[in-house]
1. Taking the Cα centre as origin and putting +1 on Lys and Arg beta-carbons and -1 on Asp and Glu beta-carbons, what dipole magnitude results for segment 17-258, to the nearest 20 debye?
2. Hey, can you grab everything whose amide H is under 5 Å from the amide H of residue 189? Only 5+ residues off in sequence or another chain; H modelled, so Pro and N-termini drop out.
3. Going by average Cβ density within 10 Å per residue, which order do the peptides 21-32, 98-109 take, highest to lowest?
4. Which lysines does residue 81 reach when only Cα atoms under 28 Å apart count, and residues fewer than 8 places away in its own chain are ignored?
5. If you plug each phi of segment 88-99 into the Karplus form 6.51 cos²θ - 1.76 cosθ + 1.60 with θ = phi - 60°, what whole-Hz ³J(HN,Hα) values come out, in order, with x for Gly and Pro?
6. Which residue fluctuates most in the GNM of the chain (Cα springs below 10 Å): 223, 165, 184?
7. Take the Cα atoms of segment 114-217, find their three principal axes, and give me the spread along each one in whole Å, biggest first.
8. Starting from a Cα-only point model with no solvent, please compute log10 I(q)/I(0) by Debye for the chain at q = 0.09, 0.10, 0.14 1/Å.
Amino acid sequence: PQAGAGGGTRGAGLPGVKHLIAVASGKGGVGKSTTTVNLALGLQSLGLKVGILDADIFGPSQPRLLGLTGRPSVAHGNTLKAMEGYGLKVMSMGFLVDEGTPIIWRGPMVVSALNQMLRDVAWGELDVIVIDMPPGTGDVQLSMAQQVPLSGAIIVSTPQDLALIDARKGLNMFRKVDVPVLGIIENMSTFICPKCGEESHIFGHGGAEEEASKLGLPFLGGIPLHMDIRAKSDSGQPITATSPESAHAQIYRDIAAKT
Ligand code: ADP
């Protein structure tokens, strides 16, 4: 908690924005950013106005996931205009610094940059901003959870034991700062062979669901490990927006509806 720029007070809400929801993971590489963008699009398909704050300062991936490049323009006052992709309002450190420029800030600077990316941006009227949190459960994440007026948090985990242990840390972090955890999503849950259709449980399966029930948390759903999800993500065409009829898009919409 000491790492935060402003100590322990949770900041005021954002005018015009009804809810802030954090998507967190205990460690990197579990598909948190991919899940964030598709969840945001799922929420949008329910008729909500949605934004994404890419709070992964050290490895911003939302610009790439949404196929967005360029710099935000200055809005009224000293605020920046949020960028827009697939109808989502987006802000990310990826729009503000050149790719390949390493950011070597320490914790308090990161937290203050995140506060600015949230508060000094003209988001307009939104029902929800989904925050792609930095991976892990260190001081930066804790300070953020503490300073940003979150309505709730979602934890993304792969089924492996280790990832689940890390997910539990995430849960405890949000509990510590009284942010309700809305549920757990299991990513890379199963693998369905595109050739023969056989289902394999590469990383095990059902761990997150079991864990959620043990912890008394809703299990929001499992997303399969699938080539289309990866290919679409990496080419800036998130599956929920570009193949809304696919089974995968339906999974993300179902998760959004439960959130
Ligand atoms: P994180 O934000 O947790 O670091 P990413 O969302 O960047 O993880 O995902 C890491 C990699 O895994 C990316 O290449 C992404 O396309 C891929 N990926 C994520 N989820 C899935 C999935 N369900 N199926 C296939 N590939 C996935």
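Every number in this text was worked out from the coordinates using simple rules, so none of it is lab data. Note that this is a predicted model, so its numbers are computed, not measured. We place every Cβ from the backbone using ideal geometry, glycine too, and count neighbours over all the protein chains shown.
1. 440 debye
2. 223, 225
3. Result, highest mean Cβ count within 10 Å first: 21-32, 98-109.
4. Within the straight-line limit of under 28 Å, residue 81 reaches these lysines: 18, 32, 49, 89, 232.
5. 9, 7, 9, 9, 8, 4, x, 8, 9, 10, 6, 4
6. Residue with maximal mean-square fluctuation among 223, 165, 184: 165.
7. Principal axes ranked by extent give 51, 30, 21 Å for the Cα atoms.
8. Listed by q, the Debye log ratios stand at -0.36, -0.45, -0.91.
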